[in-house]
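Structure first, then comments.
The values are calculated or read from the model by the stated rules, or taken from the named source; none is laboratory data. Because the structure is predicted, anything quoted here is derived from the model rather than measured. When we count neighbours, we look across all protein chains shown, and the Cβ atoms used for this are built from the backbone with ideal geometry, even at glycine.
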């Protein structure tokens, strides 16, 4: 239909005026166009000729009593593999598949193509006519609509929020679904719907019991079926030989094992011992001392275990002690700054980690999205508005660095800087104790969940003691840690905030006021700041790469100036030890290791 006829038809029959401007595309990108052409054969980081077969055993710390990963009773340590960014979405799938070699791009999966307009007021997914559930029943538009509505009503965050920005969702023709957005949507919303929302089988789900704990084997459209379950101990998946998408370009080179098992352990030490014995095939290492000295067991010495290290091209992210600002104590920014300055990274790096780490100075360090070393530009200042006065001058001009100590654990110069902040917060040292104006001692609890975190907390406790601050440490088991973090029942915890090259809704989860009081959210710091919310909106609505970069840099500056997290360190490498027979493609994507593309070489 010609444009003027389309406009006439829109007026006459109430058709969407933008419909004529949308054409089916094989992929969608957050900014710019997809890197791969419509006739691409496979992603560049897979082995398209891999011979499928064999098995792999993954290990995780935790437990499970539920196979539904989409409800509040099921968090990330449960039912691993069902819907899993690390091990792969083995049972459930999304409408489109993300490429890990681009900042944020989706390609066809359940949806063969997509249609949208430049303003992203809608997105339409045209389902692949070959798409099937594991029982052979075709995937329909009704399944898609059912999935979003069910998760809205009974799912956990963030699945329950996917329709917040949607005005209506409707079936179009025989195999298409259109999402029309409202004013709550942003430019990332279509991609989250495309790639981060599971599609569930309407014909196989009891709506009434969906939000209850269940160990019933689920039905999905993914490459694997559940084969065996031992509650709290193991989940075994078997590859479906009739998997409908095995020859799609976005799935070539993936899902290469005949069998995948996920073994559960109560402690990381137990998991590592199982790996040493060959019961687990892959172990992700984060301890540099152990990486250097801890692989002298027989399997490693004989070559049966291989140590693999690669450098992804992604930002550092942030790892640190997180202050829960829901607690009145931590609502004082100067206090948080003083507690941040006390931490002696040089002592920790030398004494505990053989100087293996680099100090983290920015949430997006090692990328152009970082504010580190870059002065705020005119666009940043425009977005900031009155919030500009809340950003420290050295953070605003890009010269800010956390102080370098003499590695003594009691560097007097740095402790003096910290004391200046404590005094601004209304604290003084009396009788060897840090006290407020009413004479109340400054004390709080650090909650940890494993030996490595406890070791860090003990070091921090030592530094705090030098200024009369009393920090107690409580190490809890995994189930208690999970329960308390879901309900924000802690003073200080240790957390990692991964940073991608395309931050967006993940930042909403971490920092938005809408998530502050939502049980199970990732707003661990309890942030509820209108200025931060406004900057997050600027990130999500940016239409050009330049505007996007400026908004993220400003967000970085606001978080650093708020001192919500004590920045610790990063490696700049990913370390994985694995059984010799577990092989990986030579090409490494932008985001680093992608375990679903690895394979069992014994099957060759």
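The single condition from (1) more than 25 Å from residue 561 (Cβ to Cβ); (2) part of a helix (DSSP H, G or I); (3) touching a helix residue (DSSP H, G or I) at 6+ places or on another chain (Cβ under 6 Å) that residue 532 fails is (1).
Residue 152 meets each of the listed conditions (1) in contact with a helix residue (DSSP H, G or I) (Cβ under 7 Å, 6 or more places away or on another chain); (2) over 21 Å from residue 508 (Cα atoms); (3) surrounded by fewer than 17 Cβ atoms within 10 Å (Cβ to Cβ) apart from (2).
The residues of the stretch 267-276 that are in contact with a strand residue (DSSP E or B) (Cβ under 7 Å, 6 or more places away or on another chain) and surrounded by fewer than 17 Cβ atoms within 10 Å (Cβ to Cβ), listed by number, are 267, 274. The set of residues in the stretch 506-520 being more than 23 Å from residue 390 (Cα to Cα) and crowded, with 21+ Cβ neighbours inside 10 Å is empty. Do we find that residue 538 is in a loop (DSSP other than H, G, I, E, B), surrounded by fewer than 23 Cβ atoms within 10 Å (Cβ to Cβ) and in contact with a helix residue (DSSP H, G or I) (Cβ under 8 Å, 6 or more places away or on another chain) in this structure? No, not satisfied. Please determine whether any residue of the stretch 332-346 is without any contact (Cβ under 8 Å) to a residue 24 or more places away in the chain and assigned by TED's automatic domain parsing to the domain that holds residue 517. Looking for residues that are without any contact (Cβ under 8 Å) to a residue 24 or more places away in the chain and assigned by TED's automatic domain parsing to the domain that holds residue 517, one finds none in the stretch 332-346, hence no.
Residue by residue, here is whether (1) at pLDDT 90 or above; (2) assigned to a loop (DSSP other than H, G, I, E, B); (3) more than 30 Å from residue 542 (Cα to Cα); (4) touching a helix residue (DSSP H, G or I) at 6+ places or on another chain (Cβ under 8 Å) holds:
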position	(1), (2), (3), (4)
9	no, no, yes, no
20	no, no, no, yes
31	no, yes, no, yes
40	yes, yes, no, no
48	yes, yes, yes, no
53	yes, yes, yes, yes
57	yes, no, yes, no
60	yes, no, yes, yes
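Of all residues in the stretch 117-149, those being in a strand (DSSP E or B) and either at positive phi or in contact with a helix residue (DSSP H, G or I) (Cβ under 6 Å, 6 or more places away or on another chain) (or both) number 1.
From the residues in the stretch 468-490 that are in contact with a helix residue (DSSP H, G or I) (Cβ under 9 Å, 6 or more places away or on another chain) and farther than 30 Å from residue 419 by Cβ, which one is surrounded by the most Cβ atoms within 10 Å (Cβ to Cβ)? Out of the qualifying residues, it is 476. Taken as a whole, the stretch 312-329 holds at least one residue that is closer than 30 Å to residue 418 by Cα and in a helix (DSSP H, G or I).
Restricting the first member to the stretch 136-159 and to residues that are outside the structural domain of residue 173 (by TED's automatic domain parsing), and the second to residues that are not in a helix (DSSP H, G or I), no beta-carbon pair is closer than 8 Å while six or more apart or on different chains. Look through the stretch 175-195, keep the residues that are in contact with a helix residue (DSSP H, G or I) (Cβ under 8 Å, 6 or more places away or on another chain) and either assigned by TED's automatic domain parsing to the domain that holds residue 536 or not in a helix (DSSP H, G or I) (or both), and return whichever of them is modelled with the lowest pLDDT. Out of the qualifying residues, it is 186.
Taken as a whole, the condition of being loosely packed, with under 15 Cβ neighbours inside 10 Å and touching a residue at least 60 places away in the same chain (Cβ under 8 Å) applies to residue 286. Answer yes if at least one residue in the stretch 541-564 is at pLDDT below 95, outside any loop (DSSP other than H, G, I, E, B) and within 18 Å of the chain's Cα centre (by Cα), and no otherwise. The answer is no; no qualifying residue exists. The number of residues in the stretch 510-529 being assigned to a helix (DSSP H, G or I) and within 14 Å of residue 322 (Cα to Cα) comes to 2.
Any residue in the stretch 47-63 that's in the same structural domain as residue 598 (by TED's automatic domain parsing): show its pairings with residues that are crowded, with 19+ Cβ neighbours inside 10 Å at Cβ separation under 7 Å, as long as the two are six or more apart or on different chains. Listed by first residue and then by second, the contacts come to nothing, as the list is empty.
Can you say whether residue 315 is out of contact with any strand residue (DSSP E or B) (no Cβ under 8 Å at 6 or more places or on another chain) and in contact (Cβ under 8 Å) with a residue 40 or more places away in the chain, as far as the supplied structure shows? In short, yes. The single residue among 364, 347 that is surrounded by 13 or more Cβ atoms within 10 Å (Cβ to Cβ) and closer than 30 Å to residue 443 by Cβ turns out to be 347.
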